[in-house]
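Input: a single structure, listed below in structure tokens.
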Amino acid sequence: MHSHDADGPAEPASGQGGTAPGTGTGGPDLHDPGGPGVAPRYVIVLAFLAAVCYASFFLENVLSPALDVVNGYVSELSALDQPFHLVYSGGDFLTGVMSILVAIGTLRRLRRRPLASAGWAFLGLFGIWAIGDASFPLDCAPNLETWCALRERSEHVSFAHEFHSVTSTVVITCGVIALFLLSMAARRYEWWPVLARWGWVVAAAETVFALSTLLAMYLGRWLGIIQRVQITVLCAGLLLIAWALYADRRNARRSCAAPPPLREKTPL
């Protein structure tokens, strides 16, 4: 495996070869050659913006107050007959593009270990299916318009309307798997302390709420609230990834800026 060393003079070799400063994870030894490396600044910014864009449904109280928040699907906000559907579908599309770029950036610049690489790959798949979510919107809002619900039940809707349930399911699944794998990688390789501590918690919470949507669909109530909490948790997962990468970069910068330890002079 190769490590992505930061700029700077190399340390003297000691058995396995020296490593440059700036590749640590914030642990006791910032020069540990087994660290993940430091993500570029643009990757961290994109991970943060992906979380913000995925939370576009928070605008519904202002842009789409007519939709039933308690029982209505979040996907109904981006239905083609809704006035601000481009805002919500655009948020999903941008989230997808930025998640793919984050996955590519981390796979190119960080150390590759099986769990970590799989986690970044699933983050990329999350981005691909988020773009699919935006590309296959609902025709109309069945919980807002009775005629739309009747068309849906009689199967007189477009392929995009029917396929949207697939994209929505797969995007959540990929997001959960990415969080689980990255948290497992953080714990096994002793990388990204914040992901090691909280990544699996967020992924488990997302799984619980995702499964709860099935129960809500069966009961025919509370689906809107559960879905909104579910997406909020996934946004928190994206923010967690951004923070983990930022913390590594911050700690590496502090390590480079720290003065070298003073050596005690010995008498001649």
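The values are calculated or read from the model by the stated rules, or taken from the named source; none is laboratory data. Remember, it's a predicted structure, so these values are computed and weren't measured experimentally. Neighbour counts run over all protein chains shown; Cβ positions are idealised from the backbone, glycine included. Accessible surface areas use protein heavy atoms only, side chains included; no ligands, DNA or RNA. Shrake-Rupley method; radii C 1.70, N 1.55, O 1.52, S 1.80 Å.
Key figures for this structure:
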| quantity | calculated |
| --- | --- |
| Percent carbon-and-sulfur accessible area, region 113-163, ignoring ligands, DNA and RNA, probe 1.4 Å | 63 percent |
| Dipole of region 146-268 [Lys/Arg +1, Asp/Glu -1 at C-beta], most positive-end residue of C148, I231, A160 | I231 |
| Hz values of 3J(HN,Hα) by residue in region 90-99 - Karplus curve (6.51, -1.76, 1.60), Gly and Pro given as x | x, x, 5, 5, 5, 4, x, 4, 5, 5 |
| Given charges at beta-carbon only (K, R positive; D, E negative), |dipole| of region 54-212 in Debye | 1320 debye |
| Residues with amide H under 5 Å from that of Q82, placed H, sequence gap 5 or more | none |
| Peptides 128-138, 114-124 ordered by average Cβ neighbours within 10 Å, highest first | 128-138, 114-124 |
| Packing-based order for 53-66, 226-239, using average beta carbon neighbours within 10 Å, highest first | 226-239, 53-66 |
| Heavy-atom accessible area per residue - region 55-161, 1.4 Å, Å² | 47 Å² |
| Span from the region 46-74 Cα centroid across to the region 160-186 one, whole angstrom | 18 Å |
| Local electrostatic count at T146 - Lys and Arg +1, Asp and Glu -1, tallied over other residues with Cβ under 15 Å | -4 |
| Region 75-83 - phi-based ³J(HN,Hα) in whole Hz, Karplus 6.51/-1.76/1.60, Gly and Pro as x | 5, 5, 4, 9, 4, 4, 8, 8, x |
